[in-house]
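The values are calculated or read from the model by the stated rules, or taken from the named source; none is laboratory data. What you see is a predicted model; the values in this text were computed from it and never measured. Reconstructed Cβ throughout: ideal geometry from the backbone, glycine too, with neighbour counts over all protein chains shown. What goes into the accessible areas is simple: the full protein's heavy atoms, side chains included, and nothing from ligands, DNA or RNA. Shrake-Rupley method; radii C 1.70, N 1.55, O 1.52, S 1.80 Å.
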Amino acid sequence: DTAVSQTPKYLVTQMGNDKSIKCEQNLGHDTMYWYKQDSKKFLKIMFSYNNKELIINETVPNRFSPKSPDKAHLNLHINSLELGDSAVYFCASSQNYGDQETQYFGPGTRLLVL
Amino acid sequence: TQLLEQSPQFLSIQEGENLTVYCNSSSVFSSLQWYRQEPGEGPVLLVTVVTGGEVKKLKRLTFQFGDARKDSSLHITAAQTGDTGLYLCAGFGVKLVFGAGTILRVKS
């Protein structure tokens, strides 16, 4: 069983389109995250939800909107896609939010905006 | 903003050699984690260190947290080709902040 799953794995789209990435975890965790990894492999947090409440909202364009319908799911919707949005997006989860928590990452969604 | 500087950025060594990767910051972290990421996959946690001066060993890997909790190192003894990957350090202040990563390539 996959602990943290993301769909789709690959996403190729045109500038200006709107797209969504879905994430599901079957670990029973309370906290979920979205990260962006750029072409230089730098991984940066975008959002975090704890018990469906937004607890981290980094300085990302408001074209990016997360949504957590329940504790097991955290989706990411991106409006008006731009070339600079091309990256690998990782979903992660942890039991709780804290400094000793293990974050479990999904396999990533490779987004290419043309 | 808390920043973590990781060095070296890229390391290519022969199987059997030893290596050390460094993670430095001017900020104090309550904990520091090391992750390993293989191509096409997400990062996987290797270790969490929380106490200044703490040393943890995981088989051939030795992790150390600096006394002031601002820096950490990862030492690999007798590297194997299976150690090849991207190694990421991450410090927790109010959130998890990642270093830029070290790409390790171990040649047979």
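Would you mind working out the magnitude of the charge dipole of the protein assembly as shown relative to its Cα centre, with +1 at each Lys and Arg C-beta and -1 at each Asp and Glu C-beta, to the nearest 20 Debye?
Dipole of the protein assembly as shown, to the nearest 20 debye: 220 debye.
Ignoring ligands, DNA and RNA, what percent of the 1.4 Å accessible area of chain A is carbon and sulfur?
The nonpolar share, carbon plus sulfur, comes to 47 percent.
Note the buried accessible area between A and B here, summed over both chains, with a 1.4 Å probe, in Å² to the nearest 100.
Its buried surface, counting both partners, is about 1600 Å².
Averaged over B:94-105, how many beta carbons belonging to a partner chain fall within 10 Å of each residue's beta carbon?
On the way: counts 2, 8, 12, 3, 7, 2, 5, 5, 1, 1, 0, 0.
That average works out to 4.
So which GluC sites (Glu not before Pro) in region A:13-102 are both in a DSSP loop and have at most 16 other Cβ atoms within 10 Å of their Cβ?
Loop-located and lightly packed - A:GLU58, A:GLU82.
What accessible surface, in Å², does a 1.4 Å probe find on A:LEU112, ignoring ligands, DNA and RNA and rounding to the nearest 10?
80
Which of the listed residues, B:LEU86, B:GLY40, B:GLY52, is farthest toward the dipole's positive end in chain B, when Lys, Arg count +1 and Asp, Glu count -1 at the beta-carbon?
The residue sitting farthest along the positive end of the dipole is B:GLY52.
For region B:74-86, in order, what is each residue's ³J(HN,Hα) by Karplus, 6.51 cos²θ - 1.76 cosθ + 1.60 with θ = phi - 60°, in whole Hz (x at glycine and Pro)?
Per residue, the Karplus-derived 3J(HN,Hα) values read 10, 10, 10, 9, 6, 4, 10, 4, x, 7, 4, x, 9 Hz.
Report A:LYS41's accessible area, 1.4 Å probe, all protein chains in place, as a number in Å² to the nearest 10.
Near enough 90 Å² of accessible area.
Taking 26 Å as the cut-off for C-alpha to C-alpha distance, list the pairs among A:LYS52/B:LYS56; A:LYS19/A:LYS52; A:LYS9/B:LYS70 that go past it.
A:LYS52/B:LYS56; A:LYS9/B:LYS70
At most 15 other Cβ atoms within 10 Å and a DSSP loop assignment: could you name the GluC sites (Glu not before Pro) in region B:2-108 that fit?
Working: sites: B:GLU5, B:GLU15, B:GLU17, B:GLU41, B:GLU54; in loops: B:GLU15, B:GLU17, B:GLU41, B:GLU54.
Answer by residue number: B:GLU15, B:GLU17, B:GLU41.
What share of the DSSP beta bridges in the protein assembly as shown is antiparallel, in percent to the nearest 5?
For the protein assembly as shown, the DSSP antiparallel bridge percentage is about 90.
Determine the per residue accessible area of chain A with all protein chains present and a 1.4 angstrom probe, expressed in square angstrom.
Numbers: 5710 Å² over 114 residues.
Value returned for chain A: 50 Å² of accessible area per residue.
Counting only protein heavy atoms and a 1.4 Å probe, tell me what percentage of chain B's accessible area is made up of carbon and sulfur.
Carbon and sulfur: 49 percent of the exposed surface of chain B.
Checking the a/c ratio against 1.5 first, then a/b against b/c, what shape does the Cα gyration tensor give for chain B?
prolate
Which whole number gives the average, over all residues in A:99-107, of C-beta atoms from other chains lying within 10 Å of the residue C-beta?
6
Got a sec? Charge dipole of the protein assembly as shown, +1 on Cβ for Lys and Arg, -1 for Asp and Glu; which of A:GLY28, B:TYR22, A:GLY108 is way out at the positive end?
A:GLY108
Please work out the C-alpha center-to-center distance from region B:32-96 to region A:9-55 and express it in whole Å.
23
Mind ranking B:SER27, B:SER7, A:SER39 by accessible surface for me, highest first, 1.4 Å probe? Don't jump to the answer; show the numbers that get you there.
Working: B:SER27 25, B:SER7 50, A:SER39 110 Å².
Most to least solvent-accessible, the answer reads A:SER39, B:SER7, B:SER27.
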